[in-house]
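Structure record follows, encoded as structure tokens.
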Amino acid sequence: MYSQVPKWTLSPSPSLYPARATQANRRRTKNKVHDPKTESLASDENELPTNNTNSNFAFSTGAISPSPHRAVRFNKRRYGSGRGDRRGWKGGKICLALKDLRVAVPEKIGSGLQAFLQGVTGEVSAITGPPDSGKSTLLDVLAWRFGLNKRQTGEMVINEHQQSLSGYATSVIDREERREDIGNPGKGKIQSKILKKPRFLCLHGFRTSSEILRKQLQRWPETVLEKFDLVFIDAPYKAQGRSMVQGFYDPPYFEWFQFTEDYSEVYNFEECLDYIEDFMIKHGPFDGLMGFSQGGILSAALPGMQSDGVALTKVPKIKYLIIMSGGKLGGTGSKFCTPKLAANAFSTPVQCPSLHIIGETDFFKESGIELLDAFVDPLVIHHQKGHTIASLDEKGLKTMLSFIEKIEEM
């Protein structure tokens, strides 16, 4: 377990300049010792491959003594003092800044992910710190060395060049078998596979539970479910009345926010948003939201609220949505009034790719159709059943796979 984030200091780190064969470097190689106080070393504990030093990325890794340590090298030709390009390059120094860097790592074998670096932002000139403070993890992030099942999002600006640091690793494979080119398409054979497998936070329906939603989604074919990384969460409040699924699924049942009997007033809405954001911080990062019924109504409103700066301000931007039997919060077809925080949720068209699943006999059908007008180019799956998660027919499966292909390309 990591105890703290790395410390940033104002002096350059020798390991960022491995080409300079100083006396200290020669002594270290000869005696096979190193000084962790003055060097920034990335260990090879995950047995990941060395990045090619001719990579198109700003940083790459290379072996140094003692084994199995690696130094992080700077691509000066591309990002430093190349001909006609001296932006930020003064006296051989690197101007490096991080923006909203977030990293999640496996807590232990067979368990979920634990947030490690959370929203790291600022300029960096050297990386120092005690053991287990995160030096190796940060250097791995900069050099795109992915540990198994590690996820990261964020950006870095290196000498005024902006570069994304987002990715997710599942395995180490040959370069020829990768789905996308990582780094330099040179002679290197082995690299970390960066899999753009969308990670969705799943919000269940009114007075149901995360476990119920998990079971309901089993109606979809495995060829669809294997494309997603789905994380399920129970709503913050226990059901205040009878559940529609009672007798079909076992309790406990939960609800996201509450309302008066005539639906004229919504309460505990802000607390619900804080609860979701806290979960996303601890267990994220997440790419999108998947919601059914009340969870769908909430999911549909969150991207606009995030853009408005009133919700999810501490987590990365929501990029994708899947809405099942949902509706427009405060719309003409919705029973719920509009909470104050959601007043501008649909004031401008929602830009993120969205898939909407609407049942022909669903009592939310009218509101679900109204919701479509709030999105740019929404994809829609229609089924003949009611307020439920239905299996996918041939046409619905084709639409679903088309949506998955669209977000994978992104």
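Go through the range 93-106 and give me each residue that's more than 15 Å from PRO285 (Cβ to Cβ) and at pLDDT 75 or above. Once the filter is applied, which keeps residues that are more than 15 Å from PRO285 (Cβ to Cβ) and at pLDDT 75 or above, the range 93-106 yields CYS95, LEU96, ALA97.
Could you list all residues from the range 351-404 that are of a type outside the set (A, V, I, L, M, F, W, C) and closer than 16 Å to PRO221 by Cβ?
So in the range 351-404, the residues of a type outside the set (A, V, I, L, M, F, W, C) come out as 351, 353-354, 356, 359-362, 365-368, 370, 373, 377-378, 382-388, 391, 393-396, 398-399, 402.
The answer is HIS383, SER391, ASP393, GLU394, LYS395, GLY396, LYS398, THR399, SER402.
Among the candidates LYS319, LYS385, LYS395, the residue that is touching a Cys at 6+ places or on another chain (Cβ under 6 Å) and modelled with pLDDT of 95 or more is uniquely LYS319.
Flag not set for ASP262, criterion: in contact (Cβ under 8 Å) with a residue 12 or more places away in the chain and among the acidic types (Asp, Glu).
Please specify each residue of the range 289-316 satisfying the condition of being open to solvent by less than 30 Å² (accessible area, probe 1.4 Å) and among the hydrophobic types (A, V, I, L, M, F, W, C). If the condition is that a residue be open to solvent by less than 30 Å² (accessible area, probe 1.4 Å) and among the hydrophobic types (A, V, I, L, M, F, W, C), then LEU289, MET290, PHE292, ILE297, LEU298, ALA300, ALA301, LEU302, MET305, ALA311, LEU312, VAL315 are the ones that fit. Just one of (1) within 20 Å of PHE403 (Cβ to Cβ); (2) surrounded by fewer than 22 Cβ atoms within 10 Å (Cβ to Cβ); (3) modelled with pLDDT of 95 or more; (4) touching a Leu at 6+ places or on another chain (Cβ under 8 Å) fails for ILE233. It is (1). The residue that is farthest from ASP287 (Cα to Cα), counting only those in the range 236-249 that are of a type in the set (Gly, Ala, Ser) and surrounded by 13 or more Cβ atoms within 10 Å (Cβ to Cβ), is SER243. When residues in the range 355-371 are screened for being of a type in the set (S, T, N, Q) and within 12 Å of LYS385 (Cβ to Cβ), 1 of them pass.
Scanning the range 107-125 for residues that are at pLDDT 70 or above and more than 18 Å from VAL315 (Cβ to Cβ) returns GLY122, GLU123, VAL124.
Just one of (1) among the β-branched types (Val, Ile, Thr); (2) over 18 Å from PRO221 (Cα atoms); (3) open to solvent by 30 Å² or more (accessible area, probe 1.4 Å) fails for ILE407. It is (3).
In the condition set (1) free of Cβ contacts under 8 Å to residues at least 60 places away in the same chain; (2) among the hydrophobic types (A, V, I, L, M, F, W, C); (3) buried (at least 21 other Cβ atoms within 10 Å of the Cβ); (4) not in a strand (DSSP E or B), PHE363 is compliant with all but (3). Return only the number of the condition from (1) over 15 Å from ALA300 (Cβ atoms); (2) open to solvent by less than 60 Å² (accessible area, probe 1.4 Å); (3) part of a loop (DSSP other than H, G, I, E, B) that ALA345 does not satisfy. Unmet for ALA345, out of (1) over 15 Å from ALA300 (Cβ atoms); (2) open to solvent by less than 60 Å² (accessible area, probe 1.4 Å); (3) part of a loop (DSSP other than H, G, I, E, B): (1).
The values are calculated or read from the model by the stated rules, or taken from the named source; none is laboratory data. Fair warning: this is a prediction, and the values are worked out from it, not measured in the lab. Every residue, glycine as well, gets a Cβ built from its backbone with ideal geometry; the counts of neighbours run over all protein chains shown. Keep in mind that these areas ignore ligands, DNA and RNA; they rest on the heavy atoms of the full protein, side chains included. Shrake-Rupley method; radii C 1.70, N 1.55, O 1.52, S 1.80 Å.
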